[in-house]
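These notes concern the structure reproduced below.
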């Protein structure tokens, strides 16, 4: 089994092995606890595991009391633009970028529509690893 790769900008892993719905839920709950009040945009790429992860992530964000704006299938840069256009608190993009098909990942965006800064990303990573969310 490969390791789950966690960084300040998000995480990635093999779906069903290291990246499970539970992992996704706990990670985005840590994210929701660190961004300002407001809706969170959720988007995904076209990988076959995207709808399953999207459902888990939307459920977790809703359980955290967040409104979710579903961008459905959208390119990663589009998610950042949507954050600003919709006045969202941040966004979650489900994408494994250049990784092979068994992988997927979660990239986090802040209120400015950019990938999280290192300090905020580290707080989210550390909160996830500590089980605070």
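Just so it is clear, none of the values below were taken in a lab; they were calculated from the coordinates. What you see is a predicted model; the values in this text were computed from it and never measured. Here Cβ is always computed from backbone atoms with ideal geometry, including for glycine, and neighbour counts include all displayed protein chains.
Each stretch of four or more DSSP H residues adds -39500 (n - 2.57); spread over every residue of the chain, this sum gives -12000 deg cm²/dmol at 222 nm.
What does the extension gain come out to for residue 119 and residue 62, with contour length at 0.36 nm per residue minus their alpha carbon separation?
Details: separation 57, 0.36 × 57 = 20.52 nm, distance 2.50 nm.
Net length gain for the segment: 18.0 nm.
In terms of packing, defined here as the mean over residues of other Cβ atoms within 10 angstrom, the peptides 55-61, 105-111, 117-123 line up highest first as 105-111, 55-61, 117-123. Among (i) 14.1; (ii) 15.4; (iii) 18.3, find the value of Kirkwood radius over Cα pairs in Å that was calculated from the structure presented, and write down its label. From the options (i) 14.1; (ii) 15.4; (iii) 18.3, the structure gives (i). Restricting attention to the chain, close to 55% of DSSP beta bridges with both partner residues there are antiparallel. Distance between the pseudo-spin-label points of residue 55 and residue 126 (7 Å out from Cα toward the beta carbon): 3.6 nm.
Subtract the Cα-Cα distance of residue 85 and residue 5 from 0.36 nm times their separation in residues, and report this length gain in nm to one decimal. Intermediate values should be presented prior to the final figure.
On the way: separation 80, 0.36 × 80 = 28.80 nm, distance 3.05 nm.
Taking 0.36 nm per residue and subtracting the Cα distance, the gain is 25.7 nm.
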